[in-house]
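Below is one structure; the comments refer to it alone.
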Amino acid sequence: NAEVCVDIGANVGIFAITIAQAFPAKKIIAVEPLKENFITLNKNITLNSISNIEVHNAVVSNYKSGKIKFYPNPIHDGGGSTIKRSFYRTGDVLVNAEQYQKNNTSFSPEIEINGIKVNDVIKSKSVVKIDVEGAEVSVLESGNNVFKQALVDLLIIEVLDETIDKVTNFLDGYGFDCFTQDMTAPVKIGTRLSRYV
């Protein structure tokens, strides 16, 4: 029954464009912070003749005001987070951030991006996908009003071992049941993941 699909951390639009094509009568909102990804996202929308996607070049966060610091991940294709890390990660590969920055002086390890909140984006019944590399709780907290109004029908969230308990606890507070990707059992506090879900 959702009227809108919201893609937070849209990257170049694989999820948003697929949903837009499958449901041309529905509104899709895609939010992507990195400028290069955002440009490619818009190109992909044009190439696929999509007319039902609204795009935002911003980072979703429970910020106070002003711009938000964002930390690109140079070894993860188009990745990054509002969480500053001492290592860059992609899959099982870890690279020391300080060493990478010393070896790649043209890389900007920190940028500032306009911030928005889930409360600013969602105004009607929605399905939401979140892929924000460890900043899941900040994104969720930025939508407290939306969750109180029960405007989110379904959430698909990529979580990390270090965020799964906080995400599950937050969603439990709003009556959501949390499942791993294979849907075999509900996620409980203390669950550990062998992979992203």
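The values are calculated or read from the model by the stated rules, or taken from the named source; none is laboratory data. Just so it is clear, the structure is predicted and the values come from calculations on it, not from any experiment. All Cβ positions, glycine included, derive from the backbone under ideal geometry; neighbour counts span all protein chains shown. Only protein heavy atoms, including side chains, enter the accessible area calculation; ligands, DNA and RNA are left aside. Shrake-Rupley method; radii C 1.70, N 1.55, O 1.52, S 1.80 Å.
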query: What do you reckon, how do Glu36, Glu133 stack up by accessible area (1.4 Å probe), largest on top?
result: Glu36, Glu133
- prompt: What relative contact order, as a whole-number percentage, does the chain give when Cα pairs under 8 Å and 6 or more residues apart are counted?
  reply: 19 percent
statement: Expected sort for 11-22, 146-157 on mean C-beta neighbours within 10 Å, highest first, is 11-22, 146-157
query: How large is the helix-only mean residue ellipticity at 222 nm for the chain, computed as the sum of -39500 (n - 2.57) over DSSP H runs with n ≥ 4, divided by its residue count, in deg cm²/dmol to the nearest 500?
result: -7000 deg cm²/dmol
query: Pairs Lys102/Lys129; Lys67/Lys123; Lys64/Lys125; Lys27/Lys102; Lys43/Lys166; Lys43/Lys148: which are spaced more than 32 Å apart, C-alpha to C-alpha?
result: Lys102/Lys129; Lys27/Lys102; Lys43/Lys166; Lys43/Lys148
FRET efficiency, Glu54 to Asn103 (Cβ-Cβ, R0 41 Å, nearest 0.05): 0.55
Read-out semi-axes √(5λ) of the Cα gyration tensor in Å, derived from the coordinates shown; its label in [x] 44, 21, 14; [y] 26, 22, 16; [z] 32, 22, 15: [y]
- prompt: If each of Asn96 and Glu36 carries a label point 7 Å out from its Cα toward its Cβ, how far apart are those two points in nm?
  reply: 2.4 nm
statement: Note, Glu112: beta-carbon cut-off 15 Å, +1 each Lys/Arg, -1 each Asp/Glu, net +4
field: Counted charge near Leu140, where neighbours are those whose Cβ lies closer than 11 Å (Asp, Glu -1; Lys, Arg +1)
entry: 0
